[in-house]
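Chemist: The structure follows.
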Amino acid sequence: PPSNGYCFYEECSATADWLRSHTQVRPTVGIVCGSGLGGLAEMLKDPQVFKYSDIPNFPRSTVHGHAGQLVFGTLKGKPCVCMQGRFHLYEGYPIQKITLPMRVFKLLGVETMIMTNAAGGLNQDYKVGDVMIIKDHINMPGFAGINPLAGPNDDRFGVRFPCMSDAYDRELRQLAHDVAAELGYSDFLQEGVYCVLGGPSFETIAECRMLHSLGADAVGMSTVHEVIVARHAGMRCFALSLISNRSVMDYDSQEKANHEEVLETGRLRAQQLEKLVSTMVTRLDND
Ligand code: 6GU
């Protein structure tokens, strides 16, 4: 692979070809599981599992709580591919590598991407365990030029200047509201703006206050880069944040953000989140 990190078409298609020759599944839905939320992958029927370390050109997952494997299978008959564990900026990968799986999925025929993550709640109405439908994002690293689409554009994937005002599909968000209502999940469902930071350090109090005043409802370290690359390639995107902790906003608080809390909240709400996503998948009309 090129040392500058750019994921050229040839690199992505070699990976897609390798996967196509190792599985019969032809996924139309791609899922990315966030920290502590990998259980979704276990819902896939007749799973075929590939460790990231066995897939040509794939980075390896280094984070505790992320299994680091790609799972192919079906959800109520719908062919899916699921990333059990994702890649983050703070692991030190070039940003193009982090998002390589999105392009591979596109080449495999995926039309709809569903992503989950764990996030800190900046909105003071949010409680730990709330599930936030992402309606929009703030790409903070993007302000500093850290964008997965920086570098030469490959027109085979998408246009040089892709629109992001419709990044989070309106119909899929409505579907999530409908399914959540049916399942009795509406009391812990929110919809808001997700802000991505580079991590791995959590935010300071001043940073939380700043992000909140800028219109962010939740803060995390993932998802946005994947959404940008997926939208560039014309895939529909839907994303959920599990609010794993409330961001510390005042100087009198003794609370401290930590990764254990993130995983613990995942365990608490994981099954409901899995049910919500899997029910949504069975209602997708893309094939
Ligand atoms: Cl509080 N901050 C960030 N940046 N990411 C998180 C988080 C907080 N909680 C879970 N992921």
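The values are calculated or read from the model by the stated rules, or taken from the named source; none is laboratory data. All of these numbers come straight from a predicted model, not from anything done at the bench. When we count neighbours, we look across all protein chains shown, and the Cβ atoms used for this are built from the backbone with ideal geometry, even at glycine. What goes into the accessible areas is simple: the full protein's heavy atoms, side chains included, and nothing from ligands, DNA or RNA. Shrake-Rupley method; radii C 1.70, N 1.55, O 1.52, S 1.80 Å.
Chemist: For residue 146 and residue 60 in one chain, what is 0.36 nm times their gap in residues minus the Cα-Cα distance, to one decimal in nm?
Modeler: Length difference between fully extended and current span is 28.9 nm.
Chemist: Report the label-to-label distance for residue 159 and residue 14 in nanometres (one decimal), using points 7 Å from each Cα along the Cα→Cβ vector.
Modeler: 3.2 nm
Chemist: Let me ask you something else. Of the listed peptides 40-52, 126-138, 234-246, 172-184, what is their order by residue-averaged count of other C-beta atoms within 10 Å, with the highest listed first?
Modeler: For the peptides 40-52, 126-138, 234-246, 172-184, the packing ranking is 234-246, 126-138, 40-52, 172-184.
Chemist: On to the next question. Relative to the longest principal Cα axis of the chain, at what angle does helix 170-183 sit, 0 to 90 degrees, rounded to 10?
Modeler: That helix lies at roughly 70 degrees to the long axis.
Chemist: Let me ask something else. Please calculate how many Å² of accessible area the chain carries per residue, with a 1.4 Å probe and no DNA, RNA or ligand atoms counted.
Modeler: Spelled out: the 1.4 Å probe surface of the chain, per residue, equals 42 Å².
Chemist: Take every Cα-Cα distance within the chain, group them into 10 Å bins from 0 onward, and report for each bin the whole-number percent of pairs it holds.
Modeler: 7, 31, 38, 20, 4, 0
Chemist: Something else about it: Would you mind telling me the antiparallel percentage of the DSSP bridges in segment 128-285, rounded to 5?
Modeler: For segment 128-285, the DSSP antiparallel bridge percentage is about 20.
Chemist: Give the separation of the Cα centroids, segment 202-275 to segment 122-193, in Å.
Modeler: 11 Å
Chemist: Further question on the same structure: Based on C-alpha coordinates, I'd like the Rg and Dmax of segment 143-287, in Å.
Modeler: 17.3, 53
Chemist: Still on this model: May I ask for log10 I(q)/I(0) of segment 49-103 at q = 0.23, 0.25, 0.29 Å⁻¹, from a Debye sum over the Cα atoms as equal point scatterers with solvent left out?
Modeler: -0.90, -1.02, -1.23
Chemist: May I ask what percent, to the nearest 5, of DSSP beta bridges between residues of the chain are antiparallel?
Modeler: The antiparallel proportion sits near 35 percent.
Chemist: Here's a follow-up. Using alpha carbons only, how many degrees (0 to 90, rounded to 10) separate the axis of helix 259-283 from the longest principal axis of the chain?
Modeler: Approximately 50 degrees, to the nearest ten.
Chemist: A further question on this structure: Show that you can apply the helix-only estimate: for the chain, add -39,500 (n - 2.57) for every DSSP H stretch of four or more residues, divide by all residues, and state [θ] at 222 nm to the nearest 500.
Modeler: -9500 deg cm²/dmol
Chemist: Label segment 1-126 by shape, choosing from rounded, prolate and oblate, from the square roots a ≥ b ≥ c of the eigenvalues of the Cα gyration tensor; if a/c is under 1.5 it is rounded, and otherwise prolate applies when a/b is larger than b/c, oblate when it is not.
Modeler: Oblate shape, in that a/c is at least 1.5 and b/c is the bigger or equal ratio.
Chemist: Can you tell me which of 68-76, 196-204, 90-98 comes out highest on packing, and rank the rest after it, using the mean Cβ neighbours within 10 Å?
Modeler: The peptides rank, most packed first, as 68-76, 90-98, 196-204.
Chemist: Could you state the angle between the C-alpha long axis of helix 9-22 and the longest principal axis of the C-alpha atoms of the chain, as a value from 0 to 90 degrees rounded to the nearest 10?
Modeler: Around 80 degrees separate the two axes.
Chemist: Looking at segment 114-201 from every direction and averaging, what is the projected area of its Cα convex hull in nm²?
Modeler: Taking a quarter of the hull surface, the average projection is 7.6 nm².
Chemist: If you project the alpha carbons of segment 48-198 onto the principal axes, what extent comes out on each, in Å, largest first?
Modeler: 43, 40, 32
Chemist: Then there is this: Share of the chain's accessible area from carbon and sulfur, percent, 1.4 Å?
Modeler: In the chain, the share of accessible area belonging to carbon and sulfur is 50 percent.
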